[in-house]
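Accompanying notes for the structure given below.
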Amino acid sequence: MTAEEKILISQIRQDDAELKSREKALQRLGEILEETFILDLLPDKAVIQALEKLATTKSAPASLKRKAKSLVKAYKI
């Protein structure tokens with residue numbers, strides 16, 4: 001996992017952060033996953049696990065859960 005991915009995951013997990021900043025971080029993480037997919041690289045397991053955890057948590061907003069779930073579905077191998 002790269003340093004940027006770690007920062008993005010920590011931003012997404014912050015419950016006290018604004019929803020917009022969390023959505024931007026999730027969007028950027030999706031872009032990184034798409035780039036690795038285009039380059040025919042395997043996605044990092046820790047990133048996929050963090051997204052799965054976000055998709056199933058009860059404390060996250062529904063919009064974040066939906067986006068995380070769709071990213072996992074698209075890029076999980």
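Bear in mind that the values in this text are calculations on the coordinates, not laboratory data. What you see is a predicted model, and the numbers here were worked out from it, not measured in a lab. So basically every Cβ, Gly included, is an ideal-geometry build from the backbone, and we count neighbours across all protein chains shown.
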So which residues in the range 31-41 are within 15 Å of Met1 (Cβ to Cβ) and either in contact with a Pro (Cβ under 6 Å, 6 or more places away or on another chain) or assigned to a helix (DSSP H, G or I) (or both), if there are any at all?
Ile32, Leu33, Glu35, Thr36
Residue count for the range 52-77, restricted to those that are closer than 14 Å to Leu19 by Cα and of a type in the set (D, E, K, R)
3
Check the range 9-17 and report whether any residue there is within 11 Å of Tyr75 (Cβ to Cβ), surrounded by 18 or more Cβ atoms within 10 Å (Cβ to Cβ) and touching a residue at least 12 places away in the same chain (Cβ under 8 Å).
no
Residues of the range 40-59 classified as closer than 14 Å to Gly30 by Cβ and either of a type outside the set (Asp, Glu) or in contact with a strand residue (DSSP E or B) (Cβ under 7 Å, 6 or more places away or on another chain) (or both), total
7
Which of the residues that make up the range 26-44 are surrounded by 15 or more Cβ atoms within 10 Å (Cβ to Cβ) and more than 14 Å from the chain's Cα centre (by Cα)?
none
So Lys67, is it out of contact with any Ser or Thr (no Cβ under 6 Å at 6 or more places or on another chain), in a helix (DSSP H, G or I) and buried (at least 18 other Cβ atoms within 10 Å of the Cβ):
yes
